[in-house]
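Structure first, then comments.
The values are calculated or read from the model by the stated rules, or taken from the named source; none is laboratory data. Everything quoted here is computed from the prediction, not taken from an experiment. Please note: Cβ atoms are built from the backbone with ideal geometry, for glycine as well, and neighbour counts cover all protein chains shown. Surface accessibility is based on the protein's heavy atoms, side chains included, excluding ligands, DNA and RNA. Shrake-Rupley method; radii C 1.70, N 1.55, O 1.52, S 1.80 Å.
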Amino acid sequence: MNNSNIAIIGGGNLGAAIAEGLIKSKFVSADKITITRRNLEALNELKKAGANVTSDNAKAIQNNDVIIVALKPYNVKEVLESLKQNFDSKKHIVISVVTGVLLKDLAAIVDQGVPIFRAMPNTAIAIQESVTCICHQGAANAQVNYVSDLFNQLGITIAIDEKLMDAATVLGACGIAYALRFIRAATQGGIEIGFDAKTANLISAQTVKGAAELLLKLNRHPEEEIDKVTTPKGCTIAGLNEMEHQGFSSSLIKGICTSYEKIGK
């Protein structure tokens, strides 16, 4: 499947980011990628990079093997219903990156025995640093491996049960916003203790990146690394304890749970 042609139905921010990441990674050559959108001018950069752009969804499906659905949730059913006759179970696999649309709902729309995947990346996919959670229905092992390999070009991939997909959306996709809000708050603190805004932002962002890499590359637990910088009567433990007194951890946990409750409604 490594030479498969890929169609991305919906060239908005996420669809375009997937195309850009795949081209940068050289997972496939640019000419094997087709992106659809009504406003083709918005895809000019991808066109310049060698990708095919079109407003004809049916033609894109017919001419490609791997169909990535990156539409808005509110128009998935309408658009796919109008295209269902173009799907072929002997040729296609469908990968939906649409929030909240279940595998059974996609199968009911496509209705051709086509292998179907759900994938939940985050916006860091634009720089090939996403965490993408994946589940599937009716796929062979080779197809599962291919889809995992595809999204591994754009970060890391984790296979999960579909029942956890909403939770993955909150922790992985909404989580980008939570992390960025921490960096913004740290930047504001940095300004208050003497740095200019640009320098404070750089220090805060790089520090968060370094902290994440410690966990990922060394397979550490957060508390293990925290213990290394919390000396007795030191400034780090004093700051951490004050943050906990003000509800830092509990606020973050409550925020995650509130987002999860909201996505389930």
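So that you can scan it fast, the table gives a plain yes or no per residue for (1) touching a helix residue (DSSP H, G or I) at 6+ places or on another chain (Cβ under 7 Å); (2) not in a strand (DSSP E or B):
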| position | (1), (2) |
| --- | --- |
| 11 | yes, yes |
| 15 | no, yes |
| 19 | yes, yes |
| 23 | yes, yes |
| 28 | yes, yes |
| 35 | yes, no |
| 42 | no, yes |
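Could you please give the count of residues in the range 214-265 that are touching a residue at least 40 places away in the same chain (Cβ under 8 Å) and hydrophobic (A, V, I, L, M, F, W, C)?
Final tally of qualifying residues: 3.
Search the range 160-183 for residues being touching a helix residue (DSSP H, G or I) at 6+ places or on another chain (Cβ under 8 Å) and closer than 18 Å to residue 144 by Cβ, and hand back the single one that is surrounded by the fewest Cβ atoms within 10 Å (Cβ to Cβ).
Looking at the filtered set, the residue picked out is 160.
Residue 97 passes all but one of (1) farther than 30 Å from residue 260 by Cβ; (2) crowded, with 22+ Cβ neighbours inside 10 Å; which number fails?
In the conditions (1) farther than 30 Å from residue 260 by Cβ; (2) crowded, with 22+ Cβ neighbours inside 10 Å, residue 97 misses (1) alone.
For the range 187-221, enumerate the residues that are polar (S, T, N, Q), open to solvent by 80 Å² or more (accessible area, probe 1.4 Å) and farther than 20 Å from residue 239 by Cα.
Result: 219, single match.
Out of the residues in the range 134-163 that are without any contact (Cβ under 8 Å) to a residue 12 or more places away in the chain and polar (S, T, N, Q), state the one that is farthest from residue 212 (Cα to Cα).
Among those that are without any contact (Cβ under 8 Å) to a residue 12 or more places away in the chain and polar (S, T, N, Q), it is 141.
How about the range 153-238: which helices (runs of 4 or more DSSP H) wholly inside it have at least 3 residues that are more than 30 Å from residue 107 (Cα to Cα) and within 20 Å of the chain's Cα centre (by Cα)?
175-192, 197-218
When you check residue 111 against the structure, is it under 28 Å from residue 175 (Cβ atoms), of a type in the set (D, E, K, R) and surrounded by fewer than 22 Cβ atoms within 10 Å (Cβ to Cβ), yes or no?
no
Checking residue 132 against (1) open to solvent by 20 Å² or more (accessible area, probe 1.4 Å); (2) touching a strand residue (DSSP E or B) at 6+ places or on another chain (Cβ under 8 Å); (3) closer than 29 Å to residue 177 by Cβ, which single condition isn't satisfied?
(1)
For the range 222-232, give me each residue that is open to solvent by 100 Å² or more (accessible area, probe 1.4 Å) and within 21 Å of residue 172 (Cβ to Cβ).
none
Step by step: first the residues of the range 239-265, then only those that are open to solvent by 100 Å² or more (accessible area, probe 1.4 Å) and outside any helix (DSSP H, G or I), then the one that is farthest from residue 99 (Cα to Cα). Which residue is that?
246
Failed condition for residue 102, given (1) modelled with pLDDT under 90; (2) closer than 24 Å to residue 164 by Cα, with all others met?
Condition (1) is where residue 102 drops out.
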